[in-house]
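Just so you know, all these numbers are worked out from the coordinates, no wet-lab data involved. These numbers come from a predicted model, not from an experiment. Ideal geometry is used to build each Cβ from the backbone, glycine not excepted, and the neighbour counts take in all protein chains shown.
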Amino acid sequence: MLVIIDFDSTFTRVEGLDLLAEIALQEHPAREERLQLVRRITELGMNGELSFSASLKERLSLIRPHRRHIERLVERLKEEISPSFRRNERFFQEYAANIRIISSGFREFIEPVVAMLGIAPEQVFANRFLFDSEGYVIGYDESIPLAHDQGKVKLLQSWQLPDEEIYVIGDGYTDYEIKAAGLANAFYAFAENVHRQKVFSYADAVLPSLDEFLYRHKLPMRFSYPKNRIKVLLLEGVHPVAVKIFQEEGYQVEHLTTALDEEELKQRIGEVSILGIRSKTQLTDRVLAHAKRLIAVGAFCIGTNQIDLDYCTKRGIAVFNAPYSNTRSVVELAIGEMIMLMRGIPDKNKAAHAGRWMKSAKNSHEIRGKKLGIVGYGNIGAQLSVLAEALGMEVYFFDIVDKLPLGNSKACSSLDELLAIADVVSLHVDGRPENRNMIDAAAIAKMKDGAILLNLSRGFVVDVNALADAIRSGKLRGAAVDVFPEEPKSNEEPFESVLQGLPNVILTPHIGGSTQEAQENIGNFVPAKIIDYINRGTTYGSVNLPNLQLPAQQQAHRLLHIHHNVPGILAQINSLLAKHEANILGQYLKTNEQIGYVITDIDKDYNQALINELKSIPQTIRFRVLY
Ligand SMILES: NC(=O)c1ccc[n+]([C@@H]2O[C@H](COP(=O)([O-])OP(=O)(O)OC[C@H]3O[C@@H](n4cnc5c(N)ncnc54)[C@H](O)[C@@H]3O)[C@@H](O)[C@H]2O)c1
Ligand SMILES: O=C(O)[C@H](O)COP(=O)(O)O
């Protein structure tokens with residue numbers, strides 16, 4: 001195999017002559033105009049819209065560089081080697097004999113830069129500057145074929161080409177010309193640094209990075225899998241910071257502002273490796289059955305009841321959420337709503353907008369000294385407890401598990417006890433199915449007359465018909481409801497509820513966690529967890545896989561084995577490692593009721609047969625190798 005690689009915007013992130021122009025024209029009075037002109041001429045040449053020799057002559061006469069400028073250019077270019085080239089140094093070392101750098105740029109700056117990855121001067125084919133006695137460039141050696149139109153083609157035609165396959169990697173039209181002349185098996189358009197649609201249209205394939213080329217041709221590569229092949233689908237308008245983080249990691253990201261229904265999701269999920277959702281998207285077993293490549297699901301919210309966690313676990317799909325990134329936002333809304341409802345603000349506000357003056361202290365109260373009953377003393381419930389006490393409320397709570405009472409709050413021994421005590425009942429239970437209709441007509445009957453109910457947890461926790469009856473009858477003085485049994489999929493769909501139009505009732509469109517602060521926190525938090533799982537295998541914080549926090553790999557290949565939790569799997573893994581004499585550098589194991597997760601770091605030299613045999617262990621759910 002012979003791999004022909006272009007230099008400007010391929011081996012390095014930039015065009016050498018453009019950068020040389022910036023350096024050489026630093027003090028020039030018409031610097032900006034000249035730089036723009038140089039860049040424009042470069043682009044025209046790259047797209048095949050201006051002959052190469054004309055573009056070269058024009059640019060050199062505009063730049064008029066000196067030797068010292070070229071020395072500075074070399075130092076800058078060394079820092080601009082394309083990241084995927086830099087990280088795949090091993091390929092350049094092991095395949096040095098198979099690589100040629102062919103460029104219409106200049107040997108004077110190409111040679112020292114490609115030498116950084118071990119490429120010798122004999123493997124470089126490029127132009128050569130001509131200097132005057134003072135060191136200024138006065139032209140270039142026109143005897144070199146690369147100085148002319150179709151230069152790369154002419155150069156290759158002059159060679160005794162080997163019988164092996166020839167691949168060209170480059171970003172410009174002149175690279176494609178080699179393939180067009182029948183001198184190469186394929187032309188790969190390199191897209192890590194520039195996107196020239198016209199050039200892409202000529203290419204056999206577009207390479208988002210060198211990893212993709214190495215993966216396609218089974219060559220040694222830094223990563224076990226090219227990141228550009230990882231497709232991320234983000235739904236429900238997750239914060240743009242998440243898009244940025246995934247893109248910076250090199251993944252392909254699609255970002256939609258709405259949820260998708262079951263059928264739409266079935267169509268889309270097949271090729272997706274990472275799915276990001278919020279509370280609306282229902283990730284049922286029927287949808288997940290279509291997910292062929294899904295590695296991880298990010299719930300960009302707290303609740304995960306919308307996801308079939310059991311199914312994900314059995315398929316080895318890791319689910320991560322943001323367990324406390326929007327906690328404070330929910331608590332602040334609950335506090336504000338309590339105050340509004342205690343003062344009858346919803347009705348007074350509506351009246352004032354309609355031109356009616358409702359000044360009265362009747363049925364208006366401070367929250368200070370009132371009894372707040374918190375149902376579900378988790379992250380939100382506990383923080384609400386602290387803030388409510390600071391405002392002078394007397395706090396009671398009920399949780400199905402023992403919880404440390406914060407401040408002066410008091411634990412109730414049953415829900416009924418809490419309902420009978422509280423002036424305000426605020427629901428903060430999680431979305432487990434048993435909590436459906438937890439607050440029904442019977443529960444409301446146990447509440448104090450004139451009490452207030454807040455639901456910012458999950459819509460199905462409250463029987464909304466019973467709540468509507470209680471408001472109409474005056475049993476309850478008011479309610480704030482943020483979550484509903486049926487919620488629209490997007491802002492474009494209509495919203496209907498039996499609670500609409502009732503007095504002293506605040507209805508909000510599930511925005512308890514929808515603040516800039518919370519969404520940005522979540523947008524940073526969830527991608528970090530997922531990327532750590534993909535790159536290192538760390539499951540710490542996963543809501544369904546056994547939690548393991550792993551050290552960084554040191555000179556090792558990491559084998560990740562997820563299997564059904566039956567006796568003897570670890571023994572089987574270790575006997576295969578022994579059989580193939582793999583040197584174990586570290587091993588970690590954690591199980592839950594359903595699955596086991598074994599991570600083994602081994603020395604890089606091992607027999608590939610080991611991998612196939614590990615994959616073939618019965619009960620294996622998922623197997624990955626990281627390096
Ligand atoms: N409205 C919003 O935008 C919004 C934002 C964030 C969270 N939420 C929802 O708020 C709820 C609470 O979130 P969190 O972060 O505090 O969760 P959490 O898991 O930290 O706490 C939930 C608590 O509820 C308790 N619990 C469960 N069922 C119970 C029951 N029947 N009776 C008493 N206690 C029970 C659990 O033991 C746990 O302590 C979740 O449903 C979450 O999805 C809504
Ligand atoms: O579970 C949550 O965090 C809340 O219900 C918020 O969900 P959202 O991100 O869909 O607003």
Next item on the list: Calculate how large, on average over all directions, the projected area of the Cα convex hull of the chain is; give the answer in nm² to one decimal.
Entry: 37.9
Item checked: In segment 2-216, lysine pairs with alpha-carbon atoms under 22 angstrom apart (chain gap of 8 or more, or interchain) -> 6
Check: Can you list residues whose amide H is under 5 Å from Ser224's amide H, if they're 5+ apart or on another chain and H is modeled 1.01 Å from N?
Finding: Tyr627
Next item on the list: Kindly flag which residue pairs out of Lys292/Lys489; Lys359/Lys446; Lys231/Lys314; Lys348/Lys371 have an alpha-carbon separation exceeding 28 Å in this structure.
Entry: Lys359/Lys446
Check: Which shape class, rounded, prolate or oblate, goes with segment 528-610 when its Cα gyration tensor gives a ≥ b ≥ c as root eigenvalues, a/c under 1.5 marks rounded, and past that a/b bigger than b/c marks prolate?
Finding: oblate
Notebook entry, point to check: ³J(HN,Hα) across segment 47-60 via Karplus (A = 6.51, B = -1.76, C = 1.60, θ = phi - 60°), whole Hz, x for Gly/Pro?
Noted result: 7, x, 9, 9, 4, 4, 5, 5, 5, 5, 4, 4, 5, 5
Check: What lysines sit close enough to Lys604 to cross-link, taking a C-alpha to C-alpha distance under 22 Å and skipping anything fewer than 8 places away on the same chain?
Finding: Lys218, Lys227, Lys579, Lys615
Next item on the list: Kindly write out, for segment 203-218 in residue order, the coupling ³J(HN,Hα) from the Karplus curve 6.51 cos²θ - 1.76 cosθ + 1.60 (θ = phi - 60°), rounded to whole Hz, with x marking Gly and Pro.
Entry: 7, 6, 7, 9, 9, x, 7, 5, 3, 4, 5, 5, 5, 4, 9, 6
Next item on the list: Return a whole-number percent for the relative contact order of the chain, with Cα pairs under 8 Å and 6 or more residues apart as the contact set.
Entry: 9
Check: Relative contact order, percent, of segment 551-626 when contacts are C-alpha pairs under 8 Å separated by at least 6 residues?
Finding: 47
Margin query: Let's see if you can work this out: charge +1 on each Lys and Arg Cβ, -1 on each Asp and Glu Cβ, no other charges. What is the dipole magnitude of segment 551-626 about its Cα centre, in debye to the nearest 20?
Written below: 200
Check: Amide H neighbours of Phe190 under 5 Å, counting only residues 5+ apart in sequence or on other chains, H built in-plane at 1.01 Å?
Finding: Gly170, Asp171, Leu207
Margin query: Counting just the Cα atoms, what span does segment 322-470 cover along each of its three principal axes? Round to the nearest Å and put the largest first.
Written below: 49, 34, 31
Item checked: Pairwise centroid distance, computed over Cα atoms, of segment 97-167 with segment 17-45, Å -> 22
Notebook entry, point to check: Cα-based Rg of segment 77-136 per 2.2 N^0.38 Å, rounded to two decimals?
Noted result: 1.25
Notebook entry, point to check: Quick one: helix 516-536 against the long Cα principal axis of the chain, what's the angle to the nearest 10°, folded into 0 to 90?
Noted result: 60
Next item on the list: Arrange the peptides 599-610, 556-567 so that the one whose residues have, on average, the most other Cβ atoms within 10 Å appears first.
Entry: 556-567, 599-610
Checklist line | Exposure proxy ranking, count of Cβ atoms within 10 Å, fewest first, for Ser385, Ser325, Ser364 | finding: Ser364, Ser325, Ser385
Note to self: Order 209-216, 404-411, 272-279 from most to least packed using the mean count of other Cβ atoms within 10 Å.
What the structure shows: 272-279, 209-216, 404-411
Note to self: Can you divide the C-alpha Rg of segment 226-286 by 2.2 N^0.38 Å and report the result to two decimal places?
What the structure shows: 1.09
Item checked: Under 20 Å from the Cα of Lys410 - aspartates and glutamates, other chains or at least 8 residues apart -> Glu389, Glu394, Asp399, Asp402, Asp423
Notebook entry, point to check: Given only helices, namely DSSP H runs of n ≥ 4 each adding -39500 (n - 2.57), what is the per-residue ellipticity at 222 nm of the chain, to the nearest 500 deg cm²/dmol?
Noted result: -10000 deg cm²/dmol
Note to self: Within 13 Å, Cβ to Cβ, of Phe484, how many net charges do the neighbouring residues add up to if Lys/Arg are +1 and Asp/Glu are -1?
What the structure shows: -3
Checklist line | Shape call, segment 186-299: gyration tensor on alpha carbons, a/c limit 1.5 | finding: prolate
Checklist line | Cα centroid separation, segment 408-464 to segment 327-391 (Å) | finding: 16
